[in-house]
1. Go through region 29-54 residue by residue and tally those that are small (Gly, Ala, Ser) and either touching a strand residue (DSSP E or B) at 6+ places or on another chain (Cβ under 6 Å) or modelled with pLDDT under 90 (or both).
2. Could you please let me know if VAL35 is of a type in the set (Val, Ile, Thr) and surrounded by 11 or more Cβ atoms within 10 Å (Cβ to Cβ)?
3. I need the full set of residues from region 38-68 which are in contact (Cβ under 8 Å) with a residue 24 or more places away in the chain, assigned to a loop (DSSP other than H, G, I, E, B) and surrounded by 10 or more Cβ atoms within 10 Å (Cβ to Cβ), in order please.
4. Working only within region 12-32, note down all residues that are more than 21 Å from SER64 (Cβ to Cβ) and surrounded by 13 or more Cβ atoms within 10 Å (Cβ to Cβ).
5. Looking at ALA9, is it surrounded by 10 or more Cβ atoms within 10 Å (Cβ to Cβ) and either free of Cβ contacts under 8 Å to residues at least 24 places away in the same chain or in a strand (DSSP E or B) (or both)?
Amino acid sequence: MSIIINDVAYSYAHQQNVFEHICFSVESREKVSIVGNNDAGKSTLLKLMAGTLQPSVGTIFRSSTPFI
């Protein structure tokens with residue numbers, strides 16, 4: 001499985017943008033880490049990548065081929 005994040009932004013109703021203009025891709029067998037301060041949006045980004053949240057702006061593409 002691969003994932004492509006293209007110009008993604010996310011904001012909660014009561015806050016300004018958690019982040020904006022996020023662009024990256026992760027291919028099968030690649031390893032990545034997400035590092036940041038508390039309340040920087042790490043969990044939100046993971047939820048966006050998993051599909052449990054939808055971005056305010058931008059697109060997220062997930063391939064159907066599983067990671068091996």
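1. Looking only at that region, the number is 2.
2. Spelling it out, it is not the case that VAL35 is of a type in the set (Val, Ile, Thr) and surrounded by 11 or more Cβ atoms within 10 Å (Cβ to Cβ).
3. Across region 38-68, the qualifying residues are GLY41, LEU53, PRO55, SER56, SER63, PHE67.
4. Within region 12-32, ASN17, VAL18, PHE19, GLU20, ILE22 meet the criteria.
5. Judged against the criteria, ALA9 is a match.
The values are calculated or read from the model by the stated rules, or taken from the named source; none is laboratory data. What you see is a predicted model; the values in this text were computed from it and never measured. All Cβ positions, even for glycine, are placed from backbone atoms using ideal geometry, and neighbour counts span all protein chains on display.
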